[in-house]
Every structure is written in C-alpha cells, then in structure tokens.
1. Work out from phi, with θ = phi - 60° and the Karplus expression 6.51 cos²θ - 1.76 cosθ + 1.60, the ³J(HN,Hα) of each residue of the range 68-73, listed in order in whole Hz, and give x for Gly and Pro.
2. Specify the inter-centroid distance of the range 153-198 and the range 110-132, based on alpha-carbon positions, in whole Å.
3. What percent of all Cα-Cα pairs in the range 31-167 falls into each 10 Å bin, going from 0 up to the bin containing the maximum distance?
Amino acid sequence: MAESKTAERAASEAASEAPAKPDAKPQRKRITRRKAVEQRVRSYFDAMDRRDAAAMAEHWRDDGVEDIVPVGVLRGKAELRAFFDATFRAMPDARTTVGRVVAGETNCAVEWRLEGTFDGAPFMDIEPTGGHVEIRGFDLLEVEDGQLVSNTAYYDAASFARQIGMLPQDGSGADRAMKSAFNTVTKVRRAIAERRTS
C-alpha cells in the first residue's frame, strides 16, 4: 500500500512538473459567420468604390432583389448591374466610403457616403448639371451562402435633387416660394374636401 501511495505521489509530481500538453482537439481556424458576412459586404462596397458594376453584380445571387427606396426595386443581376453602370456613367469620379458596419450571421447594416460630380451621362432621365454630389446612405443587406440575396438602401433623394439643382436649396427664396405654393394648394384641396362632405 505504501508503494502504491508513493507511486501515485511520484506520478502526480511528474505531471505537475511536466509542460502543459496542448488540447487534444486542434484549434480550428475558421472565420465566424458574422465575419464572413462582413467581409462579403465590405468586398461589395469596395467594388462600388472602384465603380465596377460587374464586380458588384457578381456578389449577388441570380434572383437577388435590391430595393433602393428613392428609386425602386431592382431584380436580378442584370438590373442591378445596369443601374450601377448608369450611376457610374453619370458620376465618373464617384467614390464610396463605408462608415460603420454592423454584421450579424445573415444580415449586415452599412452606413456609407457617395461623393462625386454629376458631369457624365444622364441619370434617370436627368441631364448632368456638373454639380458636386455628396450622398449619405444606409443599406440593410441579407447574405446567404456567401451571396447577397436582398438589400434595402436608403438615401435622401431630396438632398440629391438639391445638390444637382433640380430642387432649390433648402431655405432659399425659391424654396420658400415652392413650399408656400404647395401649402396653398393643400389648403384649397382641404377646403374643397370639407365642402363636399358638409
């Protein structure tokens, strides 16, 4: 019995003096789903910054849907590519900067800024004015199996229209006159509707 205790003590001391063994399971190096989603979305915005509509389209699944709120819904790679081709032809010097990115396992939120000069081709039937444009926006993208499947993109279309000269500058005399005319028409419509219901 004494021999047994001595042997156990010796084994215990040897174990405590021996260097620690690495875990039996090797540490697998893998990118988390969130990181993979973030990397895919950053790659998409990098292509946008390079004004490469073809590379942007390649990030999408064939049946992908993008809802650009001020513009409308784009379905499939061909429509997406055509829209961004037109955007980059209209603003040949466009640059896109990503601000914040918050990625989940399948979704990613992105704050971005697009800056350029509207001096190229017409855009959405609007002739180029040469105006400098700076647009802030927000996208909420969904990623499945490494491909974009949907995106809802928001930006201030009224600000874009003001910057290209399509709408008057906020607070200017023309802006006040336009708002006054709109408010007058609204009041007249309201009065007519009230007379009809009385």
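1. Each residue of the range 68-73 in turn: 8, 3, x, 10, x, 9 Hz.
2. Their Cα centres are 23 Å away from one another.
3. Percent of pairs per bin, in order: 13, 45, 33, 9, 1.
Taken together, the values in this text are just the output of simple stated rules run on the coordinates, not laboratory data. Owing to the predicted nature of the structure, the values given are computational and were not obtained by experimental measurement.
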